[in-house]
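Participant: Below you'll find the structure I mean.
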Amino acid sequence: MDDQALMDTALQQAQKSYDEGGLPIGAVLADAQGNIIARGHNKRVQNNDPTSHGETDCIRNAGRRRDWHELTLYTTLSPCVMCSGTALLLRIGRIVIGENQNFMGEEAMLKARGVKLEVLDHAGCIALMAKFQREKPDVWNEDIGL
């Protein structure tokens, strides 16, 4: 499995959301062989839906499954409490995070529950989120509850 290539695909999803006027957070679910099961991006602004984060959109796109524990979730940004909780509920055992410099999500909670985390410090993920936070701080603060 090529974590970098799968994160690049998640970043494409983040860019798609940014281009649509939304928050630039993307996600991909992949199986152990690196096959993409689903893609998603944050649609909170686009759909006027506070639960439509990148990870939840991706998970919705994967549909009903019984093999969540065998999948890896790739997300461009450290997952918030809602997305972390969803991953825990479905027993996703591995999450690869593009970056956690612009926002530190619930990584400690995930680790405490046995989820394997890897942070790539992906330059593209860092740059796109920093750009968005500079351009639209009010939308960013609304999304994270400030």
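Participant: If I ask for residues that are in a loop (DSSP other than H, G, I, E, B) and in contact with a Leu (Cβ under 8 Å, 6 or more places away or on another chain), which ones from the stretch 94-108 would you list?
Facilitator: Kept after step one, since they are in a loop (DSSP other than H, G, I, E, B), are these residues of the stretch 94-108: 98-106.
Of everything in the stretch 94-108, those that are in a loop (DSSP other than H, G, I, E, B) and in contact with a Leu (Cβ under 8 Å, 6 or more places away or on another chain) turn out to be Gly98, Glu99, Asn100, Asn102, Phe103, Gly105.
Participant: Looking at Arg64, Arg113, which one is in contact with a Leu (Cβ under 9 Å, 6 or more places away or on another chain) and open to solvent by 30 Å² or more (accessible area, probe 1.4 Å)? Explain how you work it out, then say what you get.
Facilitator: Numbers: Arg64 fails: in contact with a Leu (Cβ under 9 Å, 6 or more places away or on another chain).
The unique qualifying residue is Arg113.
Participant: Do we have Gly105 as more than 26 Å from Asp19 (Cβ to Cβ) and either charged (D, E, K, R) or without any contact (Cβ under 8 Å) to a residue 40 or more places away in the chain (or both) here? Before the answer, list the steps.
Facilitator: Numbers: more than 26 Å from Asp19 (Cβ to Cβ): no; either charged (D, E, K, R) or without any contact (Cβ under 8 Å) to a residue 40 or more places away in the chain (or both): yes.
In short, no.
Participant: Residues in the stretch 116-124: is at least one in a helix (DSSP H, G or I), in contact (Cβ under 8 Å) with a residue 60 or more places away in the chain and either open to solvent by 30 Å² or more (accessible area, probe 1.4 Å) or in contact with a Leu (Cβ under 6 Å, 6 or more places away or on another chain) (or both)?
Facilitator: yes
Participant: Here is a further query. Looking at Ile59, Ile25, Ile37, which is the one that is β-branched (Val, Ile, Thr), open to solvent by 40 Å² or more (accessible area, probe 1.4 Å) and at pLDDT 95 or above?
Facilitator: Ile37 is the lone residue from the list that is β-branched (Val, Ile, Thr), open to solvent by 40 Å² or more (accessible area, probe 1.4 Å) and at pLDDT 95 or above.
Participant: Does any residue in the stretch 49-75 that is of a type in the set (Gly, Ala, Ser) come within less than 6 Å, Cβ to Cβ, of a residue that is open to solvent by 10 Å² or more (accessible area, probe 1.4 Å) and part of a loop (DSSP other than H, G, I, E, B) six or more places away or on a different chain, and which pairs are these?
Facilitator: Pairs found: Ser52/Lys43; Gly54/Ile25.
The values are calculated or read from the model by the stated rules, or taken from the named source; none is laboratory data. This one's a predicted model, so the numbers in the text were calculated from it and none came from an experiment. Every residue, glycine as well, gets a Cβ built from its backbone with ideal geometry; the counts of neighbours run over all protein chains shown. We work out accessible area using only protein heavy atoms, side chains counted, and drop any ligands, DNA or RNA first. Shrake-Rupley method; radii C 1.70, N 1.55, O 1.52, S 1.80 Å.
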